[in-house]
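Trainee: Can you keep this structure in mind? I'll have questions shortly.
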Amino acid sequence: MTKRQQRMTAVAALVLGIGVAAALAFTAFRKNMMYFYTPTDLVAQAVPAGAKIRLGGLVVAGTLQRGEGLDVRFTVADCEQSVPVRYSGILPDLFREGQGIVATGRVGPDGVFMADEVLAKHDENYMPPELAEKLVAADGRHSCAEFSRPVMGRRPAIADRPSQS
Amino acid sequence: MWTWFHRLASPPFFFRLAERWAPWLGVAALVLLAWGWIGGLVFAPPDYQQKDAFRIIYVHVPAAAVSLSLYTLMALAGAVAVIWRMKLAECVLVATAPVGASMTVVALVTGMLWGKPMWGTYWVWDARLTSELVLLFLYLGVIGLYRAFDDPRAGARACALLAIVGVVNVPIVKYSVEWWNSLHQGSTIMKLGKPSIALEMAIPLYAAVAGTLLFCGYAILRRVQNELLWRERGTQWVRELRVGEPGR
């Protein structure tokens with residue numbers, strides 16, 4: 001092997017080694033890399049009890065109730081499960097029924113998620129209002145698949161996404 | 001093929017090539033950016049939910065996409081510099097870092113400005129935002145490491161290793177929104193399959209991405225030229241270049 005070929009092998013080995021190390025590390029810490037838990041995780045009690053966590057899901061249409069002052073109650077769902085949420089504070093502009101959100105808080109003893117921060121999660125779809133109006137009649141705007149746990153790096157394709165209720 | 005490779009690596013040859021190509025790149029970048037930005041900021045329809053706030057996409061997405069492409073270019077130049085000991089590749093490596101770092105800063109800042117009104121926060125530590133911040137630190141690391149050496153060749157070699165090691169972060173940034181859940185949304189156009197954006201909004205976006213890429217290509221060519229002139233300042237071909245200067 002010439003010197004140049006040796007260096008070529010060394011560089012290839014370096015890239016490959018770091019790639020494998022990173023892949024192993026991120027597979028091991030997969031759960032820690034997730035930004036939020038889904039309602040399915042919460043219902044399956046895969047979440048440490050009483051710990052402060054983030055919960056992501058769609059605000060279910062028809063569940064938003066405004067109480068006194070800034071109090072709101074609503075239900076957050078992914079494609080399978082739903083969790084009631086209570087929050088008191090300012091909501092982001094994009095917050096509305098059918099919108100994806102990520103709430104930070106704790107699960108109370110009654111199973112209600114007490115949020116102390118609510119952020120809107122926008123999805124990757126951009127369209128003019130006229131097009132959105134046509135779509136909303138057909139199939140809703142936001143998909144719950146956004147909040148299903150990615151499987152091996154893949155989310156369900158639009159075709160296999162369960163339709164929203 | 002190899003003769004071409006070696007000819008391109010010759011500093012005077014590349015310098016003259018860059019001198020010829022840079023103006024064209026610059027003009028093409030201006031035209032595409034004007035098309036993308038005027039089309040995106042003035043003519044594209046507002047988004048159904050975000051209204052006019054979505055228009056930051058015409059700066060944010062190009063900057064973010066280019067920040068990743070430039071890191072890949074930098075790592076490739078680093079590999080060539082280490083394997084072939086090619087001076088030109090070293091110059092490309094050190095010339096790319098500040099341009100890539102600027103694009104990363106633009107992507108991060110525009111993202112934060114959009115995040116506050118849309119998400120409700122400037123910053124969260126999700127996988128996408130964190131890995132893009134790591135990308136900025138890698139760029140800054142390359143810039144700082146190069147400056148820490150007195151000998152530019154030794155400095156560039158160290159930078160090359162850092163650039164190669166850091167390239168593992170590029171797929172992490174790219175796929176962070178698919179491998180893990182995050183507050184940041186998934187890719188709109190930088191993916192296989194149908195873009196998730198209406199066509200009249202997408203066309204200026206593609207123009208803006210191409211324009212930003214060409215602009216960075218222009219900036220890098222000029223920086224490589226400067227780096228070559230500085231490193232080769234004692235050589236015959238640089239002295240010959242200076243003969244034509246006024247006052248000499």
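No lab work stands behind these numbers, since they all come straight from the coordinates. None of these values were measured; they are calculated from a predicted model. Note: ideal-geometry Cβ built from the backbone for every residue, glycine included; neighbour counts use all protein chains shown.
Trainee: Compute the Cα gyration tensor for the range B:12-106, then decide on rounded, prolate or oblate, letting a ≥ b ≥ c be the square roots of its eigenvalues: rounded whenever a/c is under 1.5, prolate when a/b is larger than b/c in the other cases, and oblate in all that remain.
Mentor: oblate
Trainee: Further question on the same structure: For the range B:15-239, what is the relative contact order in percent, using Cα pairs closer than 8 Å and at least 6 residues apart in sequence?
Mentor: Values: 288 pairs, mean separation 78.2, N = 225.
Relative contact order of the range B:15-239: 35 percent.
Trainee: Tell me which residues come under 5 Å, amide H to amide H, from A:Glu117 once H is placed; ignore anything under 5 positions away on its chain.
Mentor: For A:Glu117, whose amide H was placed from the backbone, the distant partners under 5 Å are A:Thr104.
Trainee: Further question: With viscosity set to 1.567 mPa s at 4 °C, what whole-number translational diffusion coefficient in µm²/s follows for the protein assembly as shown from Stokes-Einstein and a Kirkwood radius over Cα pairs? Walk me through the intermediate numbers first.
Mentor: Details: Rh = 23.9 Å.
Translational diffusion coefficient: 54 µm²/s.
Trainee: Plugging the Kirkwood radius over Cα pairs into Stokes-Einstein for chain B, at a temperature of 37 °C and a viscosity of 0.692 mPa s, what D comes out in µm²/s? Write down the numbers at each step before the final one.
Mentor: Values: Rh = 19.6 Å.
Translational diffusion coefficient: 168 µm²/s.
Trainee: For a quick protection proxy, order the peptides A:38-51, B:85-98, B:130-143 by their average other-Cβ count within 10 Å, most packed first.
Mentor: Details: A:38-51: 15.1, B:85-98: 22.6, B:130-143: 19.6.
Per-residue Cβ counts within 10 Å, averaged per peptide and sorted highest first, yield B:85-98, B:130-143, A:38-51.
Trainee: Please give the average number of partner chain Cβ atoms lying within 10 Å of the Cβ of each residue in A:117-123, rounded to a whole number. Numbers along the way, then the final one.
Mentor: On the way: counts 2, 1, 7, 8, 8, 11, 5.
Neighbouring Cβ atoms belonging to other protein chains average 6 per residue here.
Trainee: Please report, in whole Å³, the volume per residue of the convex hull around the C-alpha atoms of the range B:142-248. Walk me through the numbers on the way to the answer.
Mentor: Working: hull volume 20.5 nm³, N = 107.
Here the figure is 191 Å³ per residue.
Trainee: Follow-up. Using 10 Å bins from zero, what percent of all Cα-Cα pairs in the range B:63-135 falls into each bin?
Mentor: Final binned percentages: 20, 40, 24, 12, 4.
Trainee: Which lysines does B:Lys51 reach when only Cα atoms under 25 Å apart count, and residues fewer than 8 places away in its own chain are ignored?
Mentor: Leaving aside lysines fewer than 8 places away in the same chain, those within reach of B:Lys51 are A:Lys121, A:Lys134, B:Lys116, B:Lys191, B:Lys194.
Trainee: Show which lysines lie in cross-link reach of B:Lys87 when reach means a straight Cα distance below 22 angstrom and same-chain residues fewer than eight apart are skipped.
Mentor: Partners within reach: A:Lys3.
Trainee: Take peptides B:188-199, B:68-79 and line them up by average Cβ neighbours within 10 Å, highest first, as a rough protection proxy. Walk me through the numbers before you get to the answer.
Mentor: Working: B:188-199: 14.2, B:68-79: 22.8.
Taking the mean over residues of other Cβ atoms within 10 Å, the ranking is B:68-79, B:188-199.
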